[in-house]
Amino acid sequence: MAYKITDKCISCGACAANCPVECIKNNGEKYEIDENACIECGTCAGVCPVDAPSLD
Ligand code: SF4
Ligand code: SF4
């Protein structure tokens, strides 16, 4: 289990700036979570303005 960023993402960068383990990267087109590094803290979901990160 890990958080995933859904298509609702508007690429604001707030999640990447707040992730405690820095596992969210902009791949040039969109933001992605490294599912092997995510500790499921929920911070990204909490700061996202459009509720894009979700547990899969
Ligand atoms: Fe980072 Fe936490 Fe979001 Fe996982 S749940 S991507 S560790 S902020
Ligand atoms: Fe996308 Fe939400 Fe992250 Fe902003 S905080 S980059 S909208 S997932």
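The values are calculated or read from the model by the stated rules, or taken from the named source; none is laboratory data. Being a predicted model, the structure only gives us computed values, none of them experimental. FYI the Cβ positions are ideal-geometry reconstructions off the backbone, even for glycines, and counts take in every protein chain you see. Only protein heavy atoms, including side chains, enter the accessible area calculation; ligands, DNA and RNA are left aside. Shrake-Rupley method; radii C 1.70, N 1.55, O 1.52, S 1.80 Å.
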### Query
Counting only protein heavy atoms and using a 1.4 Å probe, what share of the accessible area of the chain belongs to carbon plus sulfur, as a whole percent?
46
### Summary
Percent of all Cα-Cα pairs per 5 Å bin for the chain, counting from 0 up to the last occupied bin, reads 4, 24, 39, 26, 7
### Summary
The summed charge of the ILE24 Cβ neighbourhood (under 9 Å; Lys/Arg +1, Asp/Glu -1) stands at -2
### Summary
Note to self: with every protein chain in place and a 1.4 Å probe, the chain gives an accessible area per residue in Å² of 64
### Query
Can you give me the relative contact order of the chain as a percent, contacts being Cα pairs under 8 Å and 6 or more apart?
52
### Summary
Ranked output for segments 40-49, 22-31 by mean other Cβ atoms within 10 Å, highest leading, reads 40-49, 22-31
